1. Can you name the residue in the stretch 101-128 that is of a type in the set (S, T, N, Q) and within 21 Å of the chain's Cα centre (by Cα) and, of all such residues, is nearest to LYS2 (Cα to Cα)?
2. Contact list please: Cβ distance under 7 Å, first residue in the stretch 529-557 and farther than 17 Å from PRO464 by Cβ and modelled with pLDDT under 95, second residue surrounded by fewer than 12 Cβ atoms within 10 Å (Cβ to Cβ) and not hydroxyl-bearing (Ser, Thr, Tyr), pairs at least six apart or on different chains.
3. If we keep just the residues of the stretch 172-192 that are crowded, with 16+ Cβ neighbours inside 10 Å and at pLDDT below 95, which is nearest to the chain's Cα centre (by Cα)?
4. Just wondering, is there one or more residues in the stretch 129-141 that are modelled with pLDDT of 95 or more, within 22 Å of VAL47 (Cβ to Cβ) and in contact with a Pro (Cβ under 9 Å, 6 or more places away or on another chain)?
5. What about LEU278, is it farther than 21 Å from SER386 by Cβ, in a loop (DSSP other than H, G, I, E, B) and either touching a helix residue (DSSP H, G or I) at 6+ places or on another chain (Cβ under 9 Å) or at pLDDT below 95 (or both)?
6. Examine the stretch 56-66 for a residue that is touching a residue at least 12 places away in the same chain (Cβ under 8 Å), over 26 Å from the mean Cα position of the chain (by Cα) and surrounded by fewer than 17 Cβ atoms within 10 Å (Cβ to Cβ), and state whether such a residue exists.
7. Checking the conditions here, which among LYS164, LYS116 is modelled with pLDDT of 95 or more and out of contact with any helix residue (DSSP H, G or I) (no Cβ under 8 Å at 6 or more places or on another chain)?
8. Considering only residues that are among the aliphatic types (A, V, I, L, M) and crowded, with 16+ Cβ neighbours inside 10 Å, which ones fall in the stretch 73-98?
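The values are calculated or read from the model by the stated rules, or taken from the named source; none is laboratory data. Keep in mind it's a predicted model, so treat the numbers as computed, not measured. Cβ placement follows ideal geometry from the backbone for every residue including glycine, while neighbour counts extend to all protein chains displayed.
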Amino acid sequence: MKLIECVPNFSEGKNKDIINQITAEISSVSNVKLLDIDPGKDTNRTVITFAGHPDDVIEAAFLAISKASELIDMSKHEGAHPRMGATDVCPLMPIKGVSVEECIEYSHVLAQKVGKKLKIPIFMYEKSASSKSRENLAKIRQGEYEGMSDKLQLKEWAPDYGPKKINVKAGVTAIGVREFLIAYNINLNTSDKKLASDIALDIREAGRAKRDKNGKIIRDKNGVMVKVPGSLKSVKAVGWFLEEYNVAQVSMNLIDYKITSVHKVFEEVRMQAQKRGLRVTGSELVGLIPLDSLLDAGKYYLKQQNKSCGVSDNQLIHIAVKSMGLDEMYPFNNNEKIIDYMIDDSKKLVDQTICNFADEVASDSPAPGGGSISALAGSLSASLISMVANLSHDKKQFLDKKKINDIACSAQKLKNEFLILIDTDTKAFDQLMSSFRLPKKTDKEIEFRSQEILKMSKFVTEVPFDTLEKSLEALNLVFDVLSIGNKNCISDAGVAAEMAYSCAYGAYYNVKINLIDLKEEQKYCKKILNKSESILSEMDSKILSVRNKIIEGLNNE
(Lines give C-alpha, C1' and ligand atoms only; values in the text may rest on other atoms or scores of the structure.)
Protein backbone atom coordinates (compact mmCIF):
# COMPACT_ATOMS: atom_id res chain seq x y z
CA MET A 1 0.00 0.00 0.00
CA LYS A 2 1.39 3.40 -1.03
CA LEU A 3 1.04 6.19 1.53
CA ILE A 4 2.26 9.77 1.66
CA GLU A 5 1.52 12.58 4.10
CA CYS A 6 0.88 16.23 3.29
CA VAL A 7 1.16 19.08 5.83
CA PRO A 8 0.25 22.38 4.12
CA ASN A 9 0.41 25.68 6.02
CA PHE A 10 -2.41 28.10 5.21
CA SER A 11 -2.20 31.81 6.06
CA GLU A 12 -5.42 31.90 8.07
CA GLY A 13 -5.69 31.01 11.75
CA LYS A 14 -8.65 33.08 12.96
CA ASN A 15 -11.58 32.62 10.60
CA LYS A 16 -13.06 29.18 11.34
CA ASP A 17 -15.35 29.33 8.32
CA ILE A 18 -12.40 29.69 5.92
CA ILE A 19 -10.49 26.90 7.66
CA ASN A 20 -13.55 24.63 7.51
CA GLN A 21 -14.03 25.29 3.80
CA ILE A 22 -10.41 24.34 3.11
CA THR A 23 -10.61 21.14 5.16
CA ALA A 24 -13.91 20.26 3.45
CA GLU A 25 -12.06 20.24 0.12
CA ILE A 26 -9.53 17.78 1.54
CA SER A 27 -12.24 15.56 3.04
CA SER A 28 -14.10 15.49 -0.28
CA VAL A 29 -11.41 13.24 -1.77
CA SER A 30 -12.08 9.58 -1.06
CA ASN A 31 -9.33 7.50 0.58
CA VAL A 32 -7.72 10.61 2.10
CA LYS A 33 -7.56 10.70 5.90
CA LEU A 34 -7.66 14.10 7.62
CA LEU A 35 -5.36 13.65 10.61
CA ASP A 36 -4.99 17.03 12.31
CA ILE A 37 -6.04 20.69 12.13
CA ASP A 38 -3.89 23.11 14.14
CA PRO A 39 -4.94 26.78 13.89
CA GLY A 40 -2.92 29.58 15.49
CA LYS A 41 -4.47 32.99 16.14
CA ASP A 42 -1.23 34.86 16.84
CA THR A 43 0.57 33.42 13.84
CA ASN A 44 -2.66 33.69 11.78
CA ARG A 45 -1.75 30.35 10.28
CA THR A 46 -3.29 26.87 10.22
CA VAL A 47 -1.34 23.66 9.76
CA ILE A 48 -3.42 20.81 8.32
CA THR A 49 -2.22 17.21 8.19
CA PHE A 50 -3.69 14.55 5.91
CA ALA A 51 -2.49 11.35 4.28
CA GLY A 52 -3.43 8.62 1.82
CA HIS A 53 -2.50 7.19 -1.57
CA PRO A 54 -0.24 9.64 -3.47
CA ASP A 55 -2.73 10.26 -6.29
CA ASP A 56 -5.50 11.07 -3.82
CA VAL A 57 -3.25 13.25 -1.66
CA ILE A 58 -2.12 15.29 -4.69
CA GLU A 59 -5.75 15.83 -5.69
CA ALA A 60 -6.72 16.87 -2.14
CA ALA A 61 -3.73 19.22 -1.89
CA PHE A 62 -4.61 20.91 -5.19
CA LEU A 63 -8.24 21.42 -4.12
CA ALA A 64 -7.13 22.86 -0.77
CA ILE A 65 -4.61 25.22 -2.39
CA SER A 66 -7.27 26.30 -4.88
CA LYS A 67 -9.81 27.02 -2.14
CA ALA A 68 -7.21 28.92 -0.08
CA SER A 69 -6.35 31.10 -3.10
CA GLU A 70 -10.05 31.87 -3.46
CA LEU A 71 -10.73 32.73 0.20
CA ILE A 72 -7.47 34.24 1.54
CA ASP A 73 -6.28 37.68 0.41
CA MET A 74 -2.57 38.00 1.16
CA SER A 75 -2.58 41.75 0.50
CA LYS A 76 -4.57 42.11 3.74
CA HIS A 77 -2.85 39.39 5.77
CA GLU A 78 -1.08 40.00 9.08
CA GLY A 79 0.52 37.42 11.34
CA ALA A 80 3.52 36.69 13.55
CA HIS A 81 4.77 33.77 11.45
CA PRO A 82 6.87 34.34 8.30
CA ARG A 83 4.66 33.79 5.24
CA MET A 84 4.55 34.44 1.51
CA GLY A 85 1.31 32.90 0.26
CA ALA A 86 -2.27 31.89 1.01
CA THR A 87 -0.86 28.38 0.96
CA ASP A 88 2.55 29.28 2.32
CA VAL A 89 4.22 25.88 2.10
CA CYS A 90 3.03 22.42 1.10
CA PRO A 91 5.42 19.63 2.13
CA LEU A 92 4.96 16.01 1.09
CA MET A 93 6.44 13.07 3.00
CA PRO A 94 6.77 9.43 1.95
CA ILE A 95 5.26 7.14 4.60
CA LYS A 96 4.91 3.66 3.16
CA GLY A 97 5.63 1.94 -0.15
CA VAL A 98 6.84 5.18 -1.76
CA SER A 99 10.48 6.14 -2.32
CA VAL A 100 11.74 9.70 -1.89
CA GLU A 101 12.33 9.81 -5.64
CA GLU A 102 8.72 8.83 -6.36
CA CYS A 103 7.48 11.40 -3.87
CA ILE A 104 9.57 14.08 -5.58
CA GLU A 105 7.87 13.22 -8.88
CA TYR A 106 4.47 13.65 -7.21
CA SER A 107 5.55 17.03 -5.81
CA HIS A 108 6.38 18.24 -9.32
CA VAL A 109 3.01 17.02 -10.62
CA LEU A 110 1.27 19.09 -7.92
CA ALA A 111 3.49 22.14 -8.45
CA GLN A 112 2.99 22.15 -12.21
CA LYS A 113 -0.80 21.86 -11.82
CA VAL A 114 -0.96 24.68 -9.24
CA GLY A 115 1.31 26.94 -11.28
CA LYS A 116 -0.56 26.37 -14.53
CA LYS A 117 -4.19 26.27 -13.38
CA LEU A 118 -4.12 28.67 -10.42
CA LYS A 119 -1.46 31.07 -11.75
CA ILE A 120 0.53 30.93 -8.53
CA PRO A 121 4.38 31.12 -8.65
CA ILE A 122 5.85 27.93 -7.17
CA PHE A 123 9.27 27.36 -5.61
CA MET A 124 10.39 23.74 -5.19
CA TYR A 125 12.24 23.28 -1.89
CA GLU A 126 13.97 20.66 0.32
CA LYS A 127 14.51 17.39 -1.58
CA SER A 128 12.51 18.69 -4.58
CA ALA A 129 14.67 21.82 -4.95
CA SER A 130 16.04 22.63 -8.39
CA SER A 131 19.28 23.91 -6.84
CA LYS A 132 21.15 23.83 -3.53
CA SER A 133 20.25 27.46 -2.86
CA ARG A 134 16.55 26.62 -2.83
CA GLU A 135 16.61 23.71 -0.39
CA ASN A 136 16.19 25.94 2.68
CA LEU A 137 12.62 27.21 3.10
CA ALA A 138 13.79 30.18 5.17
CA LYS A 139 15.84 31.47 2.20
CA ILE A 140 12.90 31.12 -0.15
CA ARG A 141 10.59 32.93 2.29
CA GLN A 142 13.09 35.75 2.83
CA GLY A 143 11.34 39.05 2.09
CA GLU A 144 7.98 37.41 2.79
CA TYR A 145 4.86 38.33 0.83
CA GLU A 146 5.67 42.05 0.79
CA GLY A 147 9.07 41.48 -0.84
CA MET A 148 8.10 38.71 -3.28
CA SER A 149 7.09 41.00 -6.14
CA ASP A 150 10.65 42.36 -6.45
CA LYS A 151 12.28 39.02 -5.61
CA LEU A 152 10.54 37.24 -8.49
CA GLN A 153 12.08 39.70 -10.95
CA LEU A 154 15.58 38.56 -10.01
CA LYS A 155 17.02 35.97 -12.40
CA GLU A 156 18.20 33.72 -9.57
CA TRP A 157 14.69 33.72 -8.06
CA ALA A 158 12.61 32.87 -11.09
CA PRO A 159 9.89 30.44 -9.94
CA ASP A 160 10.12 26.74 -10.86
CA TYR A 161 6.50 26.73 -12.02
CA GLY A 162 3.80 29.30 -12.64
CA PRO A 163 4.03 32.97 -13.65
CA LYS A 164 7.15 35.06 -13.05
CA LYS A 165 5.14 37.69 -11.23
CA ILE A 166 3.38 37.52 -7.90
CA ASN A 167 -0.26 36.47 -7.60
CA VAL A 168 -1.42 39.53 -5.67
CA LYS A 169 -4.16 37.68 -3.83
CA ALA A 170 -2.64 34.21 -3.35
CA GLY A 171 1.04 35.20 -3.15
CA VAL A 172 3.71 32.52 -3.66
CA THR A 173 3.80 28.87 -2.56
CA ALA A 174 6.68 26.49 -1.78
CA ILE A 175 6.15 22.80 -2.55
CA GLY A 176 8.62 20.02 -1.82
CA VAL A 177 9.46 16.69 -0.26
CA ARG A 178 10.98 16.25 3.16
CA GLU A 179 11.34 13.29 5.45
CA PHE A 180 8.74 12.65 8.12
CA LEU A 181 9.48 14.88 11.11
CA ILE A 182 9.15 13.25 14.54
CA ALA A 183 8.60 15.59 17.50
CA TYR A 184 10.06 13.77 20.49
CA ASN A 185 10.67 14.81 24.09
CA ILE A 186 12.73 12.97 26.71
CA ASN A 187 12.01 13.42 30.42
CA LEU A 188 14.69 13.90 33.07
CA ASN A 189 14.54 13.40 36.84
CA THR A 190 15.14 17.09 37.41
CA SER A 191 13.24 20.36 37.14
CA ASP A 192 16.40 22.26 36.17
CA LYS A 193 15.94 23.56 32.62
CA LYS A 194 19.65 24.45 32.37
CA LEU A 195 20.67 20.80 32.66
CA ALA A 196 18.25 19.82 29.89
CA SER A 197 19.55 22.67 27.72
CA ASP A 198 23.12 21.55 28.31
CA ILE A 199 22.29 18.07 27.03
CA ALA A 200 20.44 19.57 24.04
CA LEU A 201 23.52 21.57 23.05
CA ASP A 202 25.69 18.43 23.13
CA ILE A 203 23.40 16.27 21.01
CA ARG A 204 21.82 18.57 18.40
CA GLU A 205 23.48 18.64 14.99
CA ALA A 206 24.05 22.41 15.18
CA GLY A 207 26.01 21.88 18.39
CA ARG A 208 27.19 24.61 20.75
CA ALA A 209 29.48 27.61 20.63
CA LYS A 210 33.20 26.80 20.87
CA ARG A 211 34.91 28.53 23.79
CA ASP A 212 38.50 29.15 24.80
CA LYS A 213 39.99 28.14 28.16
CA ASN A 214 38.57 31.32 29.69
CA GLY A 215 35.06 30.55 28.55
CA LYS A 216 35.01 33.19 25.83
CA ILE A 217 33.23 32.35 22.56
CA ILE A 218 35.65 31.76 19.69
CA ARG A 219 34.91 33.51 16.39
CA ASP A 220 36.49 33.16 12.95
CA LYS A 221 38.20 35.97 11.02
CA ASN A 222 34.80 37.18 9.79
CA GLY A 223 33.44 37.39 13.32
CA VAL A 224 31.20 34.38 12.88
CA MET A 225 30.78 32.14 15.93
CA VAL A 226 32.66 28.82 15.69
CA LYS A 227 30.59 25.84 16.75
CA VAL A 228 31.31 22.35 18.04
CA PRO A 229 28.90 19.98 16.23
CA GLY A 230 26.58 17.84 18.33
CA SER A 231 26.56 14.04 18.40
CA LEU A 232 23.31 13.43 16.45
CA LYS A 233 22.76 14.17 12.77
CA SER A 234 19.39 15.55 11.60
CA VAL A 235 18.32 16.43 15.14
CA LYS A 236 17.25 19.81 16.50
CA ALA A 237 17.04 20.11 20.27
CA VAL A 238 16.34 22.53 23.12
CA GLY A 239 15.90 22.13 26.84
CA TRP A 240 12.79 23.32 28.64
CA PHE A 241 10.78 22.95 31.84
CA LEU A 242 7.36 21.30 31.71
CA GLU A 243 5.40 22.93 34.52
CA GLU A 244 2.43 20.54 34.32
CA TYR A 245 4.62 17.55 35.24
CA ASN A 246 7.37 19.45 37.11
CA VAL A 247 10.12 17.94 34.93
CA ALA A 248 12.77 19.24 32.58
CA GLN A 249 12.75 17.82 29.06
CA VAL A 250 15.11 17.60 26.15
CA SER A 251 12.69 18.57 23.37
CA MET A 252 13.68 17.48 19.86
CA ASN A 253 12.67 17.43 16.23
CA LEU A 254 14.03 14.40 14.37
CA ILE A 255 14.34 15.84 10.87
CA ASP A 256 15.18 12.49 9.29
CA TYR A 257 14.51 9.47 11.51
CA LYS A 258 16.12 7.20 8.92
CA ILE A 259 19.45 8.92 9.59
CA THR A 260 19.04 9.17 13.35
CA SER A 261 16.44 6.82 14.83
CA VAL A 262 14.24 7.45 17.85
CA HIS A 263 15.96 4.73 19.88
CA LYS A 264 19.41 6.12 19.03
CA VAL A 265 18.28 9.54 20.28
CA PHE A 266 16.90 7.99 23.47
CA GLU A 267 20.10 6.09 24.21
CA GLU A 268 22.30 9.13 23.50
CA VAL A 269 20.28 11.37 25.84
CA ARG A 270 20.33 8.61 28.47
CA MET A 271 24.14 8.48 28.25
CA GLN A 272 24.45 12.29 28.41
CA ALA A 273 22.12 12.38 31.42
CA GLN A 274 24.24 9.82 33.30
CA LYS A 275 27.34 11.98 32.72
CA ARG A 276 25.57 14.76 34.59
CA GLY A 277 24.29 12.57 37.42
CA LEU A 278 20.79 12.53 35.97
CA ARG A 279 18.43 9.77 34.91
CA VAL A 280 16.02 9.56 31.99
CA THR A 281 12.60 8.59 33.35
CA GLY A 282 10.68 8.27 30.09
CA SER A 283 9.73 10.09 26.92
CA GLU A 284 6.77 11.29 24.87
CA LEU A 285 5.79 11.71 21.24
CA VAL A 286 4.21 15.00 20.19
CA GLY A 287 2.07 14.07 17.23
CA LEU A 288 2.51 10.95 15.12
CA ILE A 289 5.25 8.44 14.38
CA PRO A 290 5.69 6.02 11.45
CA LEU A 291 5.24 2.34 12.28
CA ASP A 292 8.66 1.31 10.96
CA SER A 293 10.39 3.65 13.43
CA LEU A 294 8.82 1.83 16.40
CA LEU A 295 9.40 -1.61 14.86
CA ASP A 296 13.11 -0.78 14.44
CA ALA A 297 13.25 0.36 18.07
CA GLY A 298 11.59 -2.85 19.25
CA LYS A 299 14.10 -4.95 17.31
CA TYR A 300 17.01 -2.92 18.71
CA TYR A 301 15.97 -3.53 22.32
CA LEU A 302 15.27 -7.23 21.71
CA LYS A 303 18.79 -7.58 20.29
CA GLN A 304 20.14 -5.84 23.38
CA GLN A 305 18.37 -8.53 25.43
CA ASN A 306 19.80 -11.26 23.16
CA LYS A 307 16.26 -12.22 22.18
CA SER A 308 14.83 -13.17 18.79
CA CYS A 309 13.44 -10.24 16.78
CA GLY A 310 11.03 -12.52 14.93
CA VAL A 311 7.94 -11.51 16.91
CA SER A 312 4.68 -9.78 15.98
CA ASP A 313 4.43 -6.06 15.24
CA ASN A 314 2.35 -5.61 18.40
CA GLN A 315 5.08 -7.19 20.51
CA LEU A 316 7.78 -5.04 18.87
CA ILE A 317 5.73 -1.90 19.55
CA HIS A 318 5.20 -2.99 23.18
CA ILE A 319 8.95 -3.51 23.67
CA ALA A 320 9.72 -0.10 22.11
CA VAL A 321 7.13 1.72 24.23
CA LYS A 322 8.30 0.12 27.48
CA SER A 323 12.02 0.48 26.69
CA MET A 324 11.73 4.21 25.97
CA GLY A 325 9.01 4.93 28.54
CA LEU A 326 6.65 6.34 25.92
CA ASP A 327 3.74 5.66 28.28
CA GLU A 328 5.17 7.48 31.30
CA MET A 329 2.95 10.58 31.04
CA TYR A 330 -0.15 9.03 29.49
CA PRO A 331 -1.16 5.69 27.94
CA PHE A 332 0.35 5.03 24.51
CA ASN A 333 -2.51 4.31 22.09
CA ASN A 334 -1.21 2.64 18.92
CA ASN A 335 -4.21 3.75 16.86
CA GLU A 336 -3.77 7.39 17.89
CA LYS A 337 0.03 7.71 17.72
CA ILE A 338 1.10 5.52 14.78
CA ILE A 339 0.32 7.19 11.48
CA ASP A 340 -0.01 3.93 9.54
CA TYR A 341 -2.79 2.79 11.88
CA MET A 342 -4.55 6.15 11.86
CA ILE A 343 -4.74 6.15 8.07
CA ASP A 344 -5.78 2.56 7.61
CA ASP A 345 -8.76 2.28 9.96
CA SER A 346 -10.97 0.20 7.67
CA LYS A 347 -12.66 -2.95 8.98
CA LYS A 348 -10.61 -6.03 8.17
CA LEU A 349 -11.32 -9.73 8.07
CA VAL A 350 -8.08 -10.40 9.94
CA ASP A 351 -9.32 -8.35 12.91
CA GLN A 352 -12.33 -10.62 13.43
CA THR A 353 -12.45 -13.46 15.92
CA ILE A 354 -11.93 -16.96 14.51
CA CYS A 355 -15.61 -17.71 15.12
CA ASN A 356 -16.84 -14.58 13.34
CA PHE A 357 -14.50 -15.14 10.41
CA ALA A 358 -15.63 -18.77 10.08
CA ASP A 359 -19.27 -17.67 10.23
CA GLU A 360 -18.69 -15.10 7.49
CA VAL A 361 -17.01 -17.68 5.27
CA ALA A 362 -19.91 -20.08 5.91
CA SER A 363 -22.54 -17.51 4.84
CA ASP A 364 -24.16 -17.32 1.40
CA SER A 365 -21.80 -14.51 0.31
CA PRO A 366 -19.14 -15.58 -2.26
CA ALA A 367 -16.45 -13.56 -0.45
CA PRO A 368 -14.43 -14.25 1.61
CA GLY A 369 -13.85 -17.49 -0.21
CA GLY A 370 -11.13 -19.89 -1.25
CA GLY A 371 -8.56 -17.21 -2.02
CA SER A 372 -8.76 -15.70 1.45
CA ILE A 373 -8.73 -19.14 3.07
CA SER A 374 -5.59 -20.06 1.09
CA ALA A 375 -3.87 -16.90 2.34
CA LEU A 376 -4.99 -17.77 5.89
CA ALA A 377 -3.36 -21.20 5.54
CA GLY A 378 -0.16 -19.47 4.42
CA SER A 379 -0.22 -17.11 7.42
CA LEU A 380 -0.57 -20.08 9.79
CA SER A 381 2.33 -21.83 8.07
CA ALA A 382 4.56 -18.77 8.51
CA SER A 383 3.41 -18.37 12.14
CA LEU A 384 4.41 -21.94 12.98
CA ILE A 385 7.81 -21.46 11.33
CA SER A 386 8.41 -18.37 13.45
CA MET A 387 7.30 -20.28 16.57
CA VAL A 388 9.78 -23.11 15.95
CA ALA A 389 12.61 -20.62 15.38
CA ASN A 390 11.75 -18.61 18.50
CA LEU A 391 11.51 -21.74 20.66
CA SER A 392 14.98 -22.70 19.42
CA HIS A 393 16.57 -19.28 19.89
CA ASP A 394 17.16 -19.48 23.64
CA LYS A 395 18.27 -23.13 23.68
CA LYS A 396 21.99 -23.46 24.35
CA GLN A 397 22.48 -26.41 22.00
CA PHE A 398 21.47 -24.31 18.97
CA LEU A 399 24.46 -22.02 18.52
CA ASP A 400 23.70 -20.20 15.26
CA LYS A 401 21.56 -17.46 16.81
CA LYS A 402 21.84 -15.19 13.78
CA LYS A 403 20.44 -17.85 11.46
CA ILE A 404 17.60 -18.63 13.86
CA ASN A 405 16.80 -14.92 14.24
CA ASP A 406 16.82 -14.44 10.44
CA ILE A 407 14.39 -17.34 9.97
CA ALA A 408 12.03 -15.96 12.62
CA CYS A 409 12.13 -12.45 11.12
CA SER A 410 11.58 -13.77 7.57
CA ALA A 411 8.64 -15.85 8.80
CA GLN A 412 7.08 -12.86 10.57
CA LYS A 413 7.42 -10.75 7.42
CA LEU A 414 5.82 -13.51 5.36
CA LYS A 415 3.04 -13.92 7.92
CA ASN A 416 2.18 -10.22 7.66
CA GLU A 417 2.12 -10.42 3.86
CA PHE A 418 -0.26 -13.40 3.94
CA LEU A 419 -2.53 -11.57 6.40
CA ILE A 420 -2.78 -8.62 4.01
CA LEU A 421 -3.66 -11.04 1.19
CA ILE A 422 -6.62 -12.41 3.19
CA ASP A 423 -8.35 -9.04 2.91
CA THR A 424 -6.92 -8.14 -0.49
CA ASP A 425 -8.41 -11.26 -2.08
CA THR A 426 -11.90 -10.38 -0.84
CA LYS A 427 -11.52 -6.71 -1.80
CA ALA A 428 -10.39 -7.72 -5.29
CA PHE A 429 -13.52 -9.82 -5.78
CA ASP A 430 -15.75 -6.97 -4.52
CA GLN A 431 -14.06 -4.54 -6.93
CA LEU A 432 -14.61 -6.94 -9.83
CA MET A 433 -18.30 -7.16 -8.98
CA SER A 434 -18.45 -3.35 -8.82
CA SER A 435 -16.94 -3.09 -12.31
CA PHE A 436 -19.77 -5.24 -13.70
CA ARG A 437 -22.26 -2.77 -12.20
CA LEU A 438 -20.76 0.26 -14.00
CA PRO A 439 -23.13 2.12 -16.39
CA LYS A 440 -23.15 1.09 -20.06
CA LYS A 441 -25.51 3.49 -21.79
CA THR A 442 -23.02 5.37 -23.98
CA ASP A 443 -20.07 4.18 -26.07
CA LYS A 444 -17.71 5.95 -23.66
CA GLU A 445 -19.31 4.23 -20.65
CA ILE A 446 -19.19 0.86 -22.39
CA GLU A 447 -15.49 1.31 -23.19
CA PHE A 448 -14.64 2.40 -19.65
CA ARG A 449 -16.65 -0.50 -18.18
CA SER A 450 -14.86 -3.02 -20.39
CA GLN A 451 -11.45 -1.66 -19.39
CA GLU A 452 -12.35 -1.79 -15.68
CA ILE A 453 -13.66 -5.37 -15.95
CA LEU A 454 -10.43 -6.43 -17.69
CA LYS A 455 -8.28 -4.64 -15.10
CA MET A 456 -10.19 -6.14 -12.16
CA SER A 457 -10.23 -9.62 -13.76
CA LYS A 458 -6.43 -9.49 -13.87
CA PHE A 459 -6.32 -8.18 -10.32
CA VAL A 460 -8.42 -11.07 -8.92
CA THR A 461 -6.04 -13.44 -10.70
CA GLU A 462 -2.83 -11.80 -9.53
CA VAL A 463 -3.80 -11.79 -5.84
CA PRO A 464 -4.00 -15.61 -5.52
CA PHE A 465 -0.93 -15.86 -7.76
CA ASP A 466 0.91 -13.71 -5.22
CA THR A 467 -0.33 -16.09 -2.51
CA LEU A 468 0.95 -19.04 -4.56
CA GLU A 469 4.42 -17.51 -4.88
CA LYS A 470 4.60 -16.85 -1.15
CA SER A 471 3.58 -20.44 -0.36
CA LEU A 472 6.88 -21.54 -1.93
CA GLU A 473 8.73 -19.05 0.27
CA ALA A 474 7.01 -20.60 3.28
CA LEU A 475 7.96 -24.15 2.30
CA ASN A 476 11.57 -23.08 1.76
CA LEU A 477 11.56 -21.61 5.27
CA VAL A 478 10.36 -24.97 6.60
CA PHE A 479 13.57 -26.52 5.23
CA ASP A 480 15.54 -23.75 6.98
CA VAL A 481 13.80 -24.26 10.31
CA LEU A 482 14.24 -28.05 10.11
CA SER A 483 18.00 -27.52 9.70
CA ILE A 484 18.11 -26.03 13.21
CA GLY A 485 17.53 -29.55 14.51
CA ASN A 486 15.01 -28.87 17.27
CA LYS A 487 13.47 -32.35 17.56
CA ASN A 488 10.85 -31.16 20.06
CA CYS A 489 9.27 -28.99 17.35
CA ILE A 490 9.52 -31.36 14.38
CA SER A 491 5.77 -31.99 14.25
CA ASP A 492 5.11 -28.22 14.25
CA ALA A 493 7.48 -27.82 11.29
CA GLY A 494 5.60 -30.63 9.56
CA VAL A 495 2.25 -28.88 10.05
CA ALA A 496 3.82 -25.65 8.74
CA ALA A 497 4.84 -27.52 5.58
CA GLU A 498 1.36 -29.02 5.09
CA MET A 499 -0.29 -25.61 5.55
CA ALA A 500 2.07 -24.09 2.97
CA TYR A 501 1.24 -26.93 0.58
CA SER A 502 -2.52 -26.46 1.07
CA CYS A 503 -2.04 -22.74 0.59
CA ALA A 504 -0.30 -23.39 -2.74
CA TYR A 505 -2.98 -25.63 -4.21
CA GLY A 506 -5.81 -23.46 -2.89
CA ALA A 507 -4.23 -20.40 -4.51
CA TYR A 508 -3.64 -22.32 -7.75
CA TYR A 509 -7.31 -23.33 -7.95
CA ASN A 510 -8.29 -19.66 -7.64
CA VAL A 511 -5.80 -18.61 -10.31
CA LYS A 512 -7.21 -21.23 -12.67
CA ILE A 513 -10.85 -20.30 -12.20
CA ASN A 514 -10.15 -16.58 -12.59
CA LEU A 515 -8.26 -17.18 -15.84
CA ILE A 516 -11.50 -18.48 -17.38
CA ASP A 517 -12.73 -14.87 -17.66
CA LEU A 518 -9.48 -13.89 -19.41
CA LYS A 519 -9.56 -16.39 -22.28
CA GLU A 520 -9.13 -13.63 -24.85
CA GLU A 521 -5.92 -12.53 -23.12
CA GLN A 522 -4.04 -15.63 -24.30
CA LYS A 523 -0.51 -14.31 -23.81
CA TYR A 524 -1.31 -13.15 -20.28
CA CYS A 525 -3.04 -16.43 -19.38
CA LYS A 526 -0.19 -18.55 -20.69
CA LYS A 527 2.38 -16.56 -18.75
CA ILE A 528 0.48 -16.82 -15.43
CA LEU A 529 -0.37 -20.48 -15.95
CA ASN A 530 3.21 -21.50 -16.81
CA LYS A 531 4.57 -19.74 -13.73
CA SER A 532 1.86 -21.26 -11.51
CA GLU A 533 2.47 -24.80 -12.71
CA SER A 534 6.21 -24.38 -12.32
CA ILE A 535 5.72 -23.36 -8.67
CA LEU A 536 3.35 -26.29 -8.07
CA SER A 537 5.84 -28.73 -9.56
CA GLU A 538 8.50 -27.44 -7.15
CA MET A 539 6.04 -27.61 -4.24
CA ASP A 540 5.16 -31.24 -5.10
CA SER A 541 8.82 -32.22 -5.07
CA LYS A 542 9.69 -30.37 -1.87
CA ILE A 543 6.69 -31.52 0.16
CA LEU A 544 7.73 -35.15 -0.37
CA SER A 545 11.20 -34.35 0.88
CA VAL A 546 9.83 -32.54 3.95
CA ARG A 547 7.42 -35.36 4.75
CA ASN A 548 10.24 -37.90 4.60
CA LYS A 549 12.32 -35.76 6.98
CA ILE A 550 9.40 -35.34 9.38
CA ILE A 551 8.46 -39.06 9.44
CA GLU A 552 12.11 -40.07 9.79
CA GLY A 553 12.57 -37.65 12.67
CA LEU A 554 9.42 -38.82 14.44
CA ASN A 555 10.32 -42.50 13.99
CA ASN A 556 13.74 -41.92 15.55
CA GLU A 557 12.27 -40.43 18.69
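1. SER107
2. Note: pairs meeting the criteria are GLY553/LYS487; GLU557/LYS487.
3. PHE180
4. There is no residue in the stretch 129-141 that is modelled with pLDDT of 95 or more, within 22 Å of VAL47 (Cβ to Cβ) and in contact with a Pro (Cβ under 9 Å, 6 or more places away or on another chain).
5. Details: farther than 21 Å from SER386 by Cβ: yes; in a loop (DSSP other than H, G, I, E, B): yes; either touching a helix residue (DSSP H, G or I) at 6+ places or on another chain (Cβ under 9 Å) or at pLDDT below 95 (or both): yes.
For LEU278, the condition - farther than 21 Å from SER386 by Cβ, in a loop (DSSP other than H, G, I, E, B) and either touching a helix residue (DSSP H, G or I) at 6+ places or on another chain (Cβ under 9 Å) or at pLDDT below 95 (or both) - is met.
6. As a first pass, look at the stretch 56-66 and keep what is touching a residue at least 12 places away in the same chain (Cβ under 8 Å): 56-66.
Those still in the list that are over 26 Å from the mean Cα position of the chain (by Cα) too: 66.
Retained after the next criterion (residues that are surrounded by fewer than 17 Cβ atoms within 10 Å (Cβ to Cβ)): none.
Among the residues of the stretch 56-66, not one is touching a residue at least 12 places away in the same chain (Cβ under 8 Å), over 26 Å from the mean Cα position of the chain (by Cα) and surrounded by fewer than 17 Cβ atoms within 10 Å (Cβ to Cβ), which makes the answer no.
7. Working: LYS164 fails: modelled with pLDDT of 95 or more.
Just one listed residue meets the conditions, LYS116.
8. As a first pass, look at the stretch 73-98 and keep what is among the aliphatic types (A, V, I, L, M): 74, 80, 84, 86, 89, 92-93, 95, 98.
Hits for the stretch 73-98 are MET74, MET84, ALA86, VAL89, LEU92, MET93, ILE95, VAL98.
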